[in-house]
Structure formats: C-alpha cells, structure tokens
Amino acid sequence: MAQSDVDVVVVGAGFAGMYLLHELRKTGFSYRVLEAGDDVGGTWYWNRYPGARCDIATTDYQYTWDPELHEQWQWSEKHAAQPEILRYAQFVAKKHDLYSGIEFNTRVDGAQWNEVAKRWSIHTSTGETITCQHYVMATGCLSVPKEPDINGTEKFTGNVYVTGRWPHEGVDFTGKRVAVIGTGSSGIQSIPHIAEQAKELVVFQRTPNFSMPAFNGPPPQDRVERLKADRATYEHEARYSGTGVPLEDSTVSALSVTQDEAFEMLEEAWQKGELLSLGNTFMDSAINRKANDVVAEFMRMKVRSVVKDPAVAELLSPYKHGYGTKRPCMDTGYFETFNKPHVRLVDLNAQPIRSITETGIDFGKESMEFDAIVYATGFDAMTGAIVSANITGKNGVTLKSKWEHGPLTYLGLTSVGFPNLYMITGPGSPSVLSNMMVSIEQHVDWIRDTLVHMRENSFDTIEPTPLAEEGWRVHCTDCADITIFQEANSWYMGANVPGKPRVMFPYIGGVGRYRMACEEVVAKGYLGFELAGSTKKQCNDGLVRQVQPDVDMVLDFISTLNLPAMETMSPTEARAFSEASSAMRPSGPEVGEITDGVLQGADGELQYRLYRPATPGPHPIAVYFHGGGWVFGSHTSDDPLCRDLCAQSNTLIISVNYRHAPEAPFPAAAEDGFAALKWVHANAAALGGLAEKIAVAGWSAGGNVAAVTAQMSRDTGGPQISGQLLLCPVTDGSHQHGSHIENGERFILTKSLMEWFWNHYATPEQRKNPQASPLLASSLAGLPPTMLVTCQFDPLRDEGNAYARALMQAGVKVEHVEARGHIHTSITMVDMLPSGAPHRREMARALRGFFS
Ligand code: NA7
C-alpha cells in the first residue's frame, strides 16, 4: 500500500521524472511518482508518429548520470528514432528498478498548498489524495497537444490522428487519401512517411519552416572519439555551452563576409547534418535581422535546388520569420516529397480552411474528401501541462490566474506564492532552446541538492521572493530583447495558441550562463529565496543577474583574455592599446559624408572629423568630445557612436580632438573644448551647419569637456548653445562617490583606472575647480537643456546622477536616462551590443529635440 503522505510527489515519468526518482531514492526521500501513460518515456512515449526522431545527436541526447550506460547501451544511429529512444528509457528504468517506483495510468487532477500544514495536497485520477512536502512537475515542455482551433473538427467521420497522441499499434495509410495539417517538426518528419503509403496526400501549410536534412547514419565519429578520449571534459563543455551541446561559439559576423563566403561556411555546417551547427555558423544570426537573412537565403536556395516546381518551392520557403526564430527542423526527404505526383501543397494563406466537414476539408473555393486527417498542429508548449494541472498556491491563488499575462518564475524552477513547488525545465529556463537532457539533469540535480539542503538545515519551505522573481523576469526579457526571436509567431512566444500571452517562454540567455546563475544563487545562500523552518527563517533577498546579457558576455570574453590593466601602462602604451582595441570593432552605420579637418584650439590647431547626414543641409550641429580619460582617444576614436548619432539624429556631428594629459594637463582639455565650440560657431555656415543650432556632446571625459564647455559658454556670454548631451560624464574629481567602490572592479572602467586618469589630468587642488569638476560650479542655473545618461554599473554613475539632480534643482530642463544593466563603455559599442541601441535612440531623439 503506497504511503499517502510523502516527502515528494513527482508528476511525470519521462527522462526528468525517471532521473529524479533515482535521485530521491539515493538521498532517502519518500516519494510518489505519478504518470498518466502506461510506460516511461514521456515525450517519446506519446509521440509515436512515423518518422519521429530526436534532432539532437545520440552522443548528446542521453543521460550522463549513470556512466555504465555508456558501455551498456549503444545507439544505432546519429539521430535516434522514437522507438529506440523509448527502448533506451525502458532499459534505464529496468536497470535501475524505476518501474517499481512509478504509478502508471495515474493523472493529477489538482493540487493545493496548505499554509498551516506547510504541505501540498495532490488529488489523483484514482480518487486518492496524497500529501507531500515538495511537489515537482516533471511534465515536459511539449506534452499537451494544442486544441485544434479549426472549424468543424468534430464533424469528420473518417480517421483522425494527432501526432502527439499517435496510436501505439501504428497506422497504415496504404491506399488512403490523407490530409496533414501543420508543417512544424512533427509534420515535416511524418509527411515523407505518410506519402510513401498514401494514395493521395494533401499538406495544409500555414507557415513554411526552415528544415535541413538530417543525413542520418552512424553516431558522429568526431563526437564519439571526443567522448571516448575525455568524457568528463566533453560533458562539462556541454553543461556550460550555449545550447547543451559542446560547439565552439562563432566569432564571425554574417555581415563581415561576402555571400559566397557565407554560403561556403553554411554549406560546411549543412553537411554535418546537425541542427545546431547551422545556427552557430555566425555570431549574429540570432540578434541581427540582416545577418539572419544570409542564413535564411541559404536555406531558401536549398529548397529551390530540391523542389522541381518553382511555385511550390517558393511556397515552401520561409520569408516571414528569421532562421531559428521558430524551431528549425531536421528532415529526411521532406522537400523531395513535394516532387511526387500524388502529393499536393495547399497554402492556407491563399486558401484558408473554411471548415472540416464530415467527409473532408473545405478550403478556399475547394472541397476535398479524405479518408484520414492528421493534425500535426503542435502543443500548448512550456506552460500547458503545468497550468492544466490545477495548482492552487497560497491564499487560494491558482497558478493559472497568476500566469494569465505570462509565466512568472524565479529561474524557471519556482514561483512566488507556490512554496515547495518545482518545475523541471519550466518557463524561464533554457528548456526547449537546449539539449533537453542537459537541462533536465541540471534541474534534477538542483532540486535534489535543495531538498537535501533544506533537510540538513531544518527548513520546511522554500519560496522565491517577489524581488527575485521580478528581477528574473526582467533578465529573461532583456535576453529576449536583444534577439530577433520576438518578431516571429512561434510557440516559443506562445503565438500558436489563441489567447496565450505573447512573451518569450524559454530563457534565451544560454545553458551555461543559466547554469551559472543557478549556481550563484546557491553559492550566495539561496539568493532570492526565503527558506523557513519551524524555528528559523533565512532570506538573502536580491537579484542574480543584473548586467545586460550582451554586456555580461563581453565582460566574460574580456576576462578570458587576461589583458593587462591600462593603469599599469605608460600613457603611450595605453594609447596604442586603446587604438588597437578600437580597430576590431564594427564601423557603425553609413552617413552622408565624413571629412577630416583642423580647427583653431586654445593653443594651436586641433583635428576634427565631421559626420554629415545624408539629408540635404544645412543641419544643426553637435560639437562632440571623445572619451579616453583626457589621456587617450582622438577625434576618430568614437567613430561608430558619432556615425550612429549623426544617422539617427540628422545632425552634423563634429568630433573634436583636444590636447591630452599628461603632456597637456588641466585646463588644456577644457580650454580646447570651449575654443572648438567658438570656432564651430564662427564657421558653422561654411561647415554646412546652422550657427543658431549648436549643441555640445561627449562621453566620459569628453562628457566632462562638454559639460565644462557649456558652463564656460554660459559664463562668458556665448556662443549660445541649444543643449548638452552627456553620456557617462565625469563631473566630480573632488572625492570618491559610492559607485566608485560599488562598480570599481569588474566593469572595464575601474576605480584604479579612473584614479590614473585623474592623476594625469589634474592635481587634487585643481579637481576642485568647476572647469575640472563641473558638479562643483557655484550655480548650474542657465545651462542649456540636458540629456544625461548614466549607467548602472559605471563607477561614474553617482557623480553623473548628482549632476543630473543638481541641474534639475537649478531649473535646467533635464532628461536623465539611467541605463539599467549597462557599464561605462557599453552604450558606445554600436552594432556590438544590441542592448545599447534603445539608449542611443533616446540620445539621438534628445539631440533632435534640442533644435526643435
Ligand atoms: P509546431 O512546431 O507547433 O508545428 C505546428 C504546425 O501546425 C505549424 O506548422 C503550425 O503553423 C500549424 N498549425 C497550428 N495550428 C494550425 C491551424 N489552426 N491551422 C493550420 N495550421 C496550424 O508543433 P510540432 O509538433 O510540429 O513540433 C513541436 C516541437 O516538437 C518541435 O519544435 C520540436 O521541438 C519537437 P504556424 O507555424 O503556427 O503558422
């Protein structure tokens, strides 16, 4: 007789539930594992349609927790078919006696949290109520088939099949007239098989999909060799990779090579027949639409090369979504199938289904009769199985109502208001954007370790805090925002199910980075969780990932380079180093014209670079001062940012060099800045600009020069300026602000580098001068409208914020953008860090606003 009160109830006996069961036994927890089907295997139990196959190679799609399995189980193919994967699950279940721990044919009807008892009550389809301390949903991401949202589905009297609920005995379509609706992975895998048997096959396509041939065969020899040589390293690399399969990350932009070169690289990836290799060919295909177009066009070229009828080839070619933004597929003979005379493709965009009828399908102006209809219409993905399990948490709130506008989780594992509830590969975790085996094992390990931790430390409950959950939502959104995934109507975005909220369901920041976040949470004493026992409580509230994801990647990359700290160099060395780094960045957008010239500074000539918009002039002018701590940089060193500002604001940008320290210390830069402004004002017409519409702008030390220039212009009676655009300006060298300490170490501009700059530029006494520290000016009244951008992880953040506040208090019109998750340099990294783009747009808008 099974216990009615246990430590843990697990729902689902797919690969997640099976491994968790094993671990619960190992760690001595009492449990009940409930499974709706009559065998193990989960997804591979239900999806028995012909051609069902895993798109991840068998070398990677297998358990790692039992090393003996690698000797005891040999895969026959590179991409295993469903029957073999199911046999593998059964083999593992038998080997580890898991069958004895699973109750089959048992569904969960609902679950309620009892706040007094601190336990869950689980109601099953057998009429039993089980109570437990911990409740784990191992229900899979693609387990609830989507309700058919097509008119008249109930009318059809022929045979109806759903790919995700395929009959165990198989289906013989010989001599039959068959309709398949849906061309996602299930349709694309099954259509060639159905076509082999059917007398007539009509495929109803709403959206064409990207698919590449699997080139199935024996397991990939290179991976087999690597695994044999050093399995531990291979598995480690997989766990910390982007997708759960060890692949070298590309460093090549699709836009940095010719189309021929790009196609050659893509062909090489194509020939490998591995799902992830194609998308991994270029570093920017997921984040840049133009880069993605290169891959998409390659894929369309492949379709054209196979499908004989050009009109059909065109219909089978995706144009509306980018490669990878809907789940790309792997096939065996899919496109070739459309060359067969008995196979027809119907484009539902041109001929929508009016209704399913008793005998067939009415579409467009046609009616066709069928013996069988196959629905390959997909799943209520990621949340369907969890939400439909009727989970009621604290205060009677259901998970369904809480998630009405999109799933809210902390780490994709837990949710506020639902203590001791865990979701394996839940929304907000890499899940379907990863090799599921790697993600499943990671979550099971995390849950097991958490349960053990709680037991050892006498904690009864664990629940994330609202702050941590909201922070995770923001981080997930930040990750999605830098990609082009949100443009597509995909099931990743919930777009396939009418009424489902449109948000990015899986975490798109990568398997390795996600794993590190989970590890960090634990290492910091369960950061963002409240743990409570009968006599104690622990809550280390906080946020686990705050730096913008692309900025974080750059920081990680830089840390692998072990670069010397700039402050250990001489100014000459630092200048050479800075120039060399700048040479590697993308150039920025095209502008109408770029010319170089010289102007009269305070003590001799200064070089400038002029960026002219492509529109007819004359234009307003921004006199721009570069960053570089007054020590390095030049009129060309912020080239991409100047191009971007010019192109987006339709303003003539004149980037002016100024004398550098230590050769020309304070007040040389300030005096040059002001002299340059005067020169530009006097020569505005000749430059093609408007003398009455001049602003100053600058970044970092250049922001300091711009702010000082604006003050000098105010104090000496002109020239009149229309606005100041200050990006991360230095405003106060008189003392250290909190952010110097808080952000002093890890974010490129460090506290010690800033000190090195100041030491070269100004003495402690000089730093008290407002022309070095504009924040110290006796009055800021009368300064022009200001756009001031500060970055959360910049040592200069607080002095920038203080300047914004002081300007406002002095009655100056100020727009202050506090760029969340950014560092001192990130907003200048045009075409490298997409997360900076919205702030640059704001800056350009403000610049335009100064002149309107
Ligand atoms: P998918 O990828 O969601 O594919 C479902 C397909 O069905 C897709 O082509 C849909 O078109 C189409 N569909 C859905 N509803 C309709 C209606 N009402 N009318 C016409 N066509 C419709 O599910 P799969 O089962 O193929 O694959 C799921 C995952 O399993 C796969 O990605 C792998 O991870 C394994 P749409 O694109 O929405 O226009």
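Of Thr383, Thr398, Thr392, which residue is surrounded by 17 or more Cβ atoms within 10 Å (Cβ to Cβ), of a type outside the set (A, V, I, L, M, F, W, C) and under 18 Å from Ser429 (Cβ atoms)?
Only one candidate passes the filter, namely Thr383.
Of everything in the stretch 108-130, what is crowded, with 16+ Cβ neighbours inside 10 Å and not in a strand (DSSP E or B)? Give them in sequence order.
none
Any idea which residue in the stretch 148-195 is farthest from Pro352 (Cα to Cα), counting only those that are among the basic types (Lys, Arg) and within 16 Å of the ligand (Cβ to nearest atom)?
Arg165
Given the residues Tyr624, Tyr526, Tyr608, which is the only one that is of a type outside the set (Asp, Glu) and over 15 Å from Cys642 (Cα atoms)?
Every option except Tyr526 fails the conditions.
Can we say Ala198 is touching a strand residue (DSSP E or B) at 6+ places or on another chain (Cβ under 9 Å) and within 15 Å of the ligand (Cβ to nearest atom)?
No: the conditions fail for Ala198.
Of the numbered conditions (1) closer than 16 Å to Gly164 by Cα; (2) away from the ligand (no atom under 12 Å from the Cβ), Gly384 fails exactly one; give the number of that condition.
Checking Gly384 against (1) closer than 16 Å to Gly164 by Cα; (2) away from the ligand (no atom under 12 Å from the Cβ), the one that fails is (2).
Residues are listed down the side, and each one gets a yes or a no for (1) within 16 Å of the ligand (Cβ to nearest atom); (2) hydrophobic (A, V, I, L, M, F, W, C); (3) closer than 28 Å to Gln486 by Cα; (4) modelled with pLDDT of 95 or more:
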{"site": "Lys308", "(1), (2), (3), (4)": "no, no, no, yes"}
{"site": "Ala311", "(1), (2), (3), (4)": "no, yes, no, yes"}
{"site": "Tyr319", "(1), (2), (3), (4)": "yes, no, yes, yes"}
{"site": "Gly322", "(1), (2), (3), (4)": "yes, no, yes, yes"}
{"site": "Thr325", "(1), (2), (3), (4)": "yes, no, yes, yes"}
{"site": "Thr332", "(1), (2), (3), (4)": "yes, no, no, yes"}
{"site": "Asn339", "(1), (2), (3), (4)": "no, no, no, yes"}
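Quick one: which of Val554, Val521 is β-branched (Val, Ile, Thr) and at pLDDT 95 or above?
Val521
Among the residues of the stretch 444-492, write down those that are within 16 Å of the ligand (Cβ to nearest atom), crowded, with 21+ Cβ neighbours inside 10 Å and in a helix (DSSP H, G or I).
Listed by number, the residues that qualify are Phe485, Trp491, Tyr492.
Of the conditions (1) more than 12 Å from Tyr658 (Cβ to Cβ); (2) over 44 Å from the mean Cα position of the chain (by Cα), Ala675 clears all except one; give me its number.
So Ala675 meets the others, but not (1).
Could you tell me whether Arg575 is of a type in the set (D, E, K, R), part of a loop (DSSP other than H, G, I, E, B) and surrounded by fewer than 20 Cβ atoms within 10 Å (Cβ to Cβ)?
Here the answer is no, as Arg575 does not meet what is asked.
Checking the condition surrounded by 21 or more Cβ atoms within 10 Å (Cβ to Cβ) and touching a Lys or Arg at 6+ places or on another chain (Cβ under 9 Å), which residue from Val9, Val33 passes?
None of the other options fit; the residue is Val9.
Taking Glu470 and the conditions (1) out of contact with any His (no Cβ under 8 Å at 6 or more places or on another chain); (2) under 23 Å from Leu142 (Cβ atoms), which numbered condition does it fall short on, given that it satisfies the others?
Going through (1) out of contact with any His (no Cβ under 8 Å at 6 or more places or on another chain); (2) under 23 Å from Leu142 (Cβ atoms) one by one, Glu470 breaks only (2).
The values are calculated or read from the model by the stated rules, or taken from the named source; none is laboratory data. It should be emphasised that the depicted structure is a prediction, and the values quoted were computed from it without experimental measurement. Glycine also receives a Cβ, built like all others from the backbone with ideal geometry; neighbour counts cover every protein chain displayed.
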